[in-house]
Amino acid sequence: MTYTDAQVGKVMEKMEELGFGNDTIVVLWGDHGWQLGEHGEWGKYTNFEDGTHVPFMLRVPGVTDDGMRTSALVELIDIYPTLAELTGLPQPKLCPPSSQNVETCVEGFSTVPLLHNPNQPWKKASFSQYARPLSGLPSIPGRPPFLKGTDESVMGYTMRTDKYRYTEWVGFNHVTAMANWTDVWGRELYDHTEPTEFFNDENANLVDKADMKEVVAQLHSQLQAGWRSAMPAIHS
């Protein structure tokens, strides 16, 4: 981390030296998180917070000069719409409910409003997914073996809200790319109301706790409703 930070600093210094500092937007992000032994995992291949939480930093001359940060939920799919707005390009079209035959569309939203008001209400949730058995376990304890000859027969759909991370593992047709929400292989619920530095609050799966029944039902419906139900009000 220190090495990477130093290299970024060198790039920024050279940019200023060449006179590009006042008209260059800089985005720094990572495409995935990384486990260093948490949950017995090494690498990125999970739906845990450590595997899905990534850096996302914007430097916009004249806008972020004094520094700012937000606790709003944002996603990497928001980068393209954000840069489009900042550079005066047309906003890309949102994907329709069925987008298989659409040439180009996005599921993200410009974060420019957050640059002007980082505390405004924003997305109700962020979403990601990871398949099994792709680069993962050959089976899930207590469940039948994965289908032979397929890379993805179970998909883990995970959703992060301001308080919780909720995940459902369901049957997945890798040909049609469709989930079978009635074929549930597992569920996970973690409370991030007071997140700890190393995300060890994801060591206790709360999904079967009696006092979390209503929360699970609400998150289940929200997960299936998807990103359209979680979009920022300003974009709805």
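Out of the total accessible area of the chain (probe 1.4 Å, heavy atoms of protein only), what percent is carbon and sulfur?
55
Relative to the longest principal Cα axis of the chain, at what angle does helix 213-225 sit, 0 to 90 degrees, rounded to 10?
60
Could you give me the ³J(HN,Hα) list for the stretch 166-176, computed from phi with Karplus coefficients 6.51, -1.76, 1.60 and θ = phi - 60°, whole Hz, x at Gly and Pro?
Those phi angles translate into 10, 10, 10, 9, 9, x, 9, 8, 6, 7, 8 Hz.
Straight-line reach from LYS123: which lysines have Cα under 29 Å away, leaving out those fewer than 8 places along the same chain?
Within reach: LYS44, LYS93, LYS163, LYS209, LYS213.
Could you calculate the contour length gain from ALA204 to GLN91, that is, 0.36 nm times the residue separation minus the distance between their Cα atoms, to one decimal place in nm?
Taking 0.36 nm per residue and subtracting the Cα distance, the gain is 36.5 nm.
Could you give me the ³J(HN,Hα) list for the stretch 10-22, computed from phi with Karplus coefficients 6.51, -1.76, 1.60 and θ = phi - 60°, whole Hz, x at Gly and Pro?
5, 5, 5, 5, 5, 4, 5, 4, 7, x, 9, x, 8
At 0.36 nm per residue, minus the direct Cα-Cα distance, what do SER229 and LYS213 gain on full extension? Give it in nm, one decimal, please.
3.6 nm
Go through 54-62, 87-95 and give me the packing order, highest mean Cβ count within 10 Å leading.
Output ranking for 54-62, 87-95: 54-62, 87-95.
If you work out Rg/Rh (Cα atoms, Kirkwood Rh) from the coordinates, which of (1) 1.05; (2) 0.99; (3) 0.96 do you get?
The value matching this structure is (2).
From the residues GLN7, PRO96, THR82, which one has its Cα farthest along the dipole of the chain in the positive direction, the dipole being from +1 and -1 charges on Cβ of Lys/Arg and Asp/Glu about the Cα centre?
Selected residue: PRO96.
Using the Kirkwood radius over Cα pairs, work out the Stokes-Einstein diffusion coefficient for the stretch 1-67 at 37 °C and 0.692 mPa s, in µm²/s as a whole number.
The diffusion coefficient I find is 233 µm²/s.
On full extension of the chain, what length is gained from VAL60 through LEU18, given 0.36 nm per residue of separation minus the C-alpha to C-alpha distance?
13.4 nm
Charges only on Cβ, +1 for Lys and Arg, -1 for Asp and Glu: so what's the dipole of the chain about the Cα centre, in debye to the nearest 20?
Using only the charged Cβ atoms, the result is roughly 660 debye.
The values are calculated or read from the model by the stated rules, or taken from the named source; none is laboratory data. Small disclaimer: the values here were computed from a predicted structure and weren't measured. Virtual Cβ from ideal backbone geometry, glycine too; neighbours counted across all protein chains shown. All accessible areas refer to the heavy atoms of the entire protein, side chains included, with ligands and DNA or RNA removed. Shrake-Rupley method; radii C 1.70, N 1.55, O 1.52, S 1.80 Å.
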